[in-house]
Amino acid sequence: MNSMPPLKKLISPDEIQRRVKEIASLLDQEYQGEELVLVAVMKGAVCIAADLLRSLTVPVTFEWIQASSYGQKGATRGDLRIIGEENLDVTSKHVLLVDDIFDSGFTLTHILSKLAKKNPRSLKSLVLLSKRVKREHAYEPDYVLFSVDDHFVVGCGLDFKEHYRGLPGIYRFESEPL
């Protein structure tokens, strides 16, 4: 990875933690006295889901599915693959789908439609980032921690060719990666 361009910080770890606590407080109010099922879209949602899980005070269970459309290809979307959705039991439960980034909207809307067929009591979505781009889908996530311009971003679970996920903040490359 030594040929990667330099990174520019867009969102600090402290800003992320502040927003996670704000959103967790809203969710605690909304689901007071209820149990919530967090369904994280892996691998990208690993950091935000863990942060949220630690910040909620309502009873919460954790599930995950794996969705991949980039993988080793880098910045170009490939075919969407979803693994694990068939094993989820969310019937009559409050479900919050947690994803890293809302870009085209394709992945999130596809997963939500699959989960809706499982008859949850309620179904909402939360994303760490929403890109300011024109989308084919009218859907908007229920909870967005941050909006960002249309750059390729990494950190806090977001990767480039499986690297940079562990960065504690959100960064963009000084020049777009290949």
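The values are calculated or read from the model by the stated rules, or taken from the named source; none is laboratory data. Nothing here was measured: the structure is a model prediction, and the numbers come from that model. Heads up, the Cβs are rebuilt from the backbone with ideal geometry, glycines too, and the neighbour counts pull from every protein chain shown. These area figures cover heavy atoms from the full protein model, side chains too; ligands, DNA and RNA do not enter into them. Shrake-Rupley method; radii C 1.70, N 1.55, O 1.52, S 1.80 Å.
What to note about this one:
- Extreme residue, nearest to the chain's Cα centre (by Cα), among residues of segment 109-142 that are open to solvent by 20 Å² or more (accessible area, probe 1.4 Å) and of a type in the set (Lys, Arg): LYS124
- Restricting segment 3-15 to residues that are closer than 30 Å to ARG81 by Cβ and modelled with pLDDT under 95, the residue that is surrounded by the fewest Cβ atoms within 10 Å (Cβ to Cβ): SER3
- Residue that is modelled with the highest pLDDT, among those in segment 72-108 that are small (Gly, Ala, Ser) and either more than 20 Å from ASP159 (Cβ to Cβ) or under 16 Å from the mean Cα position of the chain (by Cα) (or both): SER92
- Sub-7 Å Cβ pairs linking a first residue in segment 112-124 that is charged (D, E, K, R) to a second residue that is surrounded by fewer than 12 Cβ atoms within 10 Å (Cβ to Cβ), at least 6 apart or interchain, are LYS118/THR91; ARG121/SER92, ordered by first then second residue.
- Inside segment 16-41, residues that are free of Cβ contacts under 8 Å to residues at least 40 places away in the same chain and either open to solvent by less than 30 Å² (accessible area, probe 1.4 Å) or part of a helix (DSSP H, G or I) (or both) make up a count of 9.
- Within segment 120-139, being of a type in the set (A, V, I, L, M) and not in a loop (DSSP other than H, G, I, E, B) holds for LEU123, LEU126, VAL127, LEU128, LEU129.
- In segment 50-73, the residues that are under 18 Å from ILE170 (Cβ atoms) and either touching a Gly at 6+ places or on another chain (Cβ under 8 Å) or in a loop (DSSP other than H, G, I, E, B) (or both): TYR70
- Any chance VAL154 is open to solvent by 20 Å² or more (accessible area, probe 1.4 Å), under 13 Å from the mean Cα position of the chain (by Cα) and within 30 Å of LYS9 (Cβ to Cβ): no
- Near pairs, Cβ below 7 angstrom, 6+ apart or cross-chain, from segment 85-99 (closer than 20 Å to GLY44 by Cβ) to any residue that is in a loop (DSSP other than H, G, I, E, B): LEU88/LYS118; VAL95/PRO120; VAL98/ALA45; ASP99/GLY44; ASP99/ALA45
- Residues in segment 157-178 that are among the small types (Gly, Ala, Ser) and crowded, with 19+ Cβ neighbours inside 10 Å: GLY157 only.
- Considering segment 140-158, the residues that are touching a helix residue (DSSP H, G or I) at 6+ places or on another chain (Cβ under 6 Å) and in a loop (DSSP other than H, G, I, E, B) include one that is nearest to THR107 (Cα to Cα), namely GLY157.
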